[in-house]
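*Asks:* I'd like to ask some things about the structure below.
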Amino acid sequence: LIRLSCERLVPGGHSLSARNVASIIELLREGKSGTSLQTGLFQCYRDFNRLRLEALSPPPAENFCYALRIPGQIELPQTGTYFEARHEPSPPSAVVLNRWELVLSPEELEAGFYIRNWEPADVYFPRGASPPKRVAEMFAERKIPRRCRTSWPVVVLAGKVVGVRDFPVSSGGVIRTPEQALVVVEER
């Protein structure tokens, strides 16, 4: 099965040695998520209870950070999506991947958002959680593979993470006052 999978992944006569096959089987026996090995033309990962084979790809994406004005829109080539910020809510749409509604002060409106990749020290206040949580812990709970995390987009406002792809908006505990405005940020 391993040899057949590798042949389908990288067709054209790339044969695995008995040692490579034994190493891949050992990944299954170890039972440790996050372990990997590389052979010739592909990478083999153990992610939780799955064994994943992938063709070797270019090195991981570099860090990114884009300013998102309100209203405004930016495209993220790293993820193939774009982010939009606006004042008025719109009806939910099938093309929206993530949607966060935030109440902002005039100063926050002026500063705008930043969309950047996740960093290991990021913390987040998900709704329903009393202490802040490390985003890395949330990734582990959702079983998001480590190799996907480096280009995972987060929404930052005034130096604080207020949105993380596939997670609810950060709970700010702010009561809306007349000088504050509702802002919607969406990833499409």
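*Asks:* Computed from the coordinates I sent, mean projected area of the Cα convex hull in nm² equals one of (i) 11.7; (ii) 13.2; (iii) 15.5. Tell me the label.
*Replies:* Of the labelled values, this structure produces (ii).
*Asks:* List the residues whose amide H sits under 5 Å from the amide H of N98, counting only those 5 or more places along or on another chain, with H placed 1.01 Å from N in the peptide plane.
*Replies:* Close amide H contacts, sequence-distant or interchain: E187.
*Asks:* Scan around L76 for amide H atoms under 5 Å from its own, H built in the peptide plane at 1.01 Å from N, and keep only partners 5 or more places away or cross-chain.
*Replies:* Those qualifying (amide H under 5 Å, at least 5 residues apart or on another chain) are T81, Y82, F83.
*Asks:* Give me the 1.4 Å probe accessible area per residue for the chain, excluding ligands and nucleic acids, in Å².
*Replies:* Ligands and nucleic acids excluded, the figure is 59 Å² per residue.
*Asks:* Rounded to the nearest percent, how much of the accessible area of the chain (1.4 Å probe, protein heavy atoms only) is carbon and sulfur?
*Replies:* Numbers: 5960 of 11100 Å².
Reported share for carbon and sulfur atoms: 54 percent.
The values are calculated or read from the model by the stated rules, or taken from the named source; none is laboratory data. All figures in this text were calculated on a predicted structure; none of them were measured in a lab. With ligands, DNA and RNA removed, areas are computed over all heavy atoms of the protein, side chains included. Shrake-Rupley method; radii C 1.70, N 1.55, O 1.52, S 1.80 Å.
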